[in-house]
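Q: Structure incoming, see below.
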Amino acid sequence: MRWDNLAESPATPGDAALFGTSAVTTRTFDTPEFRGITFHEVRARSILNRVPGASRMPFEWTVNPYRGCSHACVYCFARKTHSYLDLDTGIGFDSQIVVKVNAPELLRRQLASRQWQGAHIAMGTNVDCYQRAEGRYRLMPGIISALRDHANPFSILTKGTLILRDLDLLRQAADVTEVGVSVSVGFTDRDLWRTVEPGTPSPERRLDAVRTLTDHGIGCGVLMAPVIPFLGDRPDQLRATVRAIAEAGATSVTPLVLHLRPGAREWFMAWLREHHPHLVARYERLYAEGAYAPRWYQRRITRHVHELAAEFGIGPSSRPGGHRRLPVRGEPESLPAGDEPTQLTLL
Ligand code: SF4
């Protein structure tokens, strides 16, 4: 796809109000890959986003070059963040993608600031930084280069096999700082994948990416998320998934049961009513207390996956080179004090 295939329209007063800046350019791509998707290019004021101190998340800083995600997972926790832009949290989240086109230069500038202490930066914590848009906008090479040049530790969580494009840069960064990469694969059931994660590379392709990363010295963990109750939690499904993760050479596996926070819950339940109406009542009971499945259920899944991981020999990475496992996510958090809401999500 070349840029001359783009349709472009200037910012409208409505865009300016929406994104807090007049520097919004709206583009559409007339190719099958991007049909129906609108890109809102903005020049962000800040790219380093502080996770609130009260958060129980194991990282304090994030970088999110995109908002919205064409991977279109029905359970995506980040859906609600689109409402902060007055954008739709359903189809709008999947198809109205905000692109912070100045993210690399802004990050380089902020990393060079004397106030910056070189803290770990997590990426992929809101939406996927290797979603399809990244193939066009190529923001991540500039971001990783800046982190490499400042020897700043970072981690990436993704479902995007596009990360392999940046393998050389990741290796260069891992030579000078701690680099953590995790790929999210909650299940290997292809029928479930097609309906629940329709815009993502298949689980097999994601696990191929795990293998490639690991083979090239970037140890890669798998966030086994989400484990979807009654659809992806049968013992044979868990076993097949953990076995495939082990065969891919993952350095760790971290199970996480589906959360249904506001924004995600409505969209997921609408999907459930359409595709698995017989499960609606069971879900309402399982998530009757709120966004999380009961602790007994979470413990049961975690224990089972850990037993399978031990059986298949998945363990901590022993590779040299500074690889670190991505911090485990999934606890609820409040909004940061900065101007950009961050809501951590399952990738
Ligand atoms: S869960 Fe991750 S990959 Fe899926 S839509 Fe949300 S941000 Fe994108």
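The values are calculated or read from the model by the stated rules, or taken from the named source; none is laboratory data. Note that the coordinates shown come from a computational prediction; the quantities given were computed from them, not determined experimentally. Here Cβ is always computed from backbone atoms with ideal geometry, including for glycine, and neighbour counts include all displayed protein chains.
Q: Sort out which residues of region 148-160 are out of contact with any Ser or Thr (no Cβ under 7 Å at 6 or more places or on another chain) and of a type in the set (A, V, I, L, M, F, W, C), and write them in order of number.
A: Within region 148-160, Phe154, Ile156 meet the criteria.
Matching residues to (1) farther than 30 Å from Leu85 by Cβ; (2) within 16 Å of the ligand (Cβ to nearest atom):
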| residue | (1), (2) |
| --- | --- |
| Arg165 | no, no |
| Asp175 | yes, no |
| Asp191 | yes, no |
| Arg194 | no, yes |
| Pro229 | yes, no |
| Ala240 | yes, no |
| Val253 | yes, no |
| Leu258 | no, yes |
| Phe268 | no, yes |
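Q: Restricting to region 273-313, name every residue that is surrounded by 14 or more Cβ atoms within 10 Å (Cβ to Cβ), touching a residue at least 12 places away in the same chain (Cβ under 8 Å) and not in a helix (DSSP H, G or I).
A: His276, Tyr287, Ala291, Tyr292, Ala293
Q: A further question follows. Looking at Ala7, is it surrounded by fewer than 19 Cβ atoms within 10 Å (Cβ to Cβ), farther than 26 Å from Gly199 by Cα, at pLDDT below 85 and hydrophobic (A, V, I, L, M, F, W, C)?
A: Judged against the criteria, Ala7 is not a match.
Q: Across region 42-72, what is the total count of residues that are away from the ligand (no atom under 16 Å from the Cβ), crowded, with 16+ Cβ neighbours inside 10 Å, at pLDDT 90 or above and of a type outside the set (D, E, K, R)?
A: Matching residues across region 42-72 total 5.
Q: Looking only at region 161-204, which residues are among the β-branched types (Val, Ile, Thr) and either under 19 Å from Gln237 (Cα atoms) or buried (at least 23 other Cβ atoms within 10 Å of the Cβ) (or both)?
A: Residues satisfying the conditions are Ile163, Val179, Val181, Val183, Val185, Thr188, Thr195, Val196, Thr200.
Q: Restricting the first residue to region 199-219 and requiring it to be free of Cβ contacts under 8 Å to residues at least 24 places away in the same chain, which pairs with a second residue that is among the hydrophobic types (A, V, I, L, M, F, W, C) and within 16 Å of the ligand (Cβ to nearest atom) meet a Cβ separation below 7 Å and a spacing of at least six or different chains?
A: Going by the 7 Å Cβ cut-off, the qualifying pairs are Ser202/Trp193.
Q: Spot the failing condition for Asp88; the list is (1) within 16 Å of the ligand (Cβ to nearest atom); (2) among the charged types (D, E, K, R); (3) surrounded by fewer than 18 Cβ atoms within 10 Å (Cβ to Cβ); (4) over 30 Å from Ala293 (Cα atoms), and only one is missed.
A: Of everything listed in (1) within 16 Å of the ligand (Cβ to nearest atom); (2) among the charged types (D, E, K, R); (3) surrounded by fewer than 18 Cβ atoms within 10 Å (Cβ to Cβ); (4) over 30 Å from Ala293 (Cα atoms), Asp88 misses just condition (4).
Q: Hey, can you tell me all the residues within region 107-134 that are more than 21 Å from Pro52 (Cα to Cα), more than 14 Å from the chain's Cα centre (by Cα) and in contact (Cβ under 8 Å) with a residue 40 or more places away in the chain?
A: The one that is more than 21 Å from Pro52 (Cα to Cα), more than 14 Å from the chain's Cα centre (by Cα) and in contact (Cβ under 8 Å) with a residue 40 or more places away in the chain: Arg108.
Q: Which numbered condition in (1) more than 24 Å from Ala310 (Cβ to Cβ); (2) at pLDDT 95 or above; (3) among the small types (Gly, Ala, Ser) is the only one that Gly232 fails?
A: For Gly232, the failing item is (1).
Q: Right, something else. Which of (1) within 18 Å of the chain's Cα centre (by Cα); (2) surrounded by fewer than 21 Cβ atoms within 10 Å (Cβ to Cβ) does Asp149 not meet, given it meets every other one?
A: The failed condition is (1).
Q: Return yes when Thr195 is within 20 Å of Trp271 (Cα to Cα), in contact (Cβ under 8 Å) with a residue 60 or more places away in the chain and outside any helix (DSSP H, G or I) and no when it is not.
A: no
Q: Could you look through region 111-146, keep only residues that are of a type in the set (S, T, N, Q) and away from the ligand (no atom under 15 Å from the Cβ), and pick out the one that is surrounded by the fewest Cβ atoms within 10 Å (Cβ to Cβ)?
A: That would be Gln115.
Q: Restricting attention to region 147-163, which residues are away from the ligand (no atom under 15 Å from the Cβ) and not small (Gly, Ala, Ser)?
A: The answer is Leu147, Arg148, Asp149, His150, Asn152, Pro153, Phe154.
Q: Then there is this: Of the residues that make up region 165-188, is at least one more than 27 Å from Trp116 (Cα to Cα), of a type outside the set (Lys, Arg) and part of a helix (DSSP H, G or I)?
A: no
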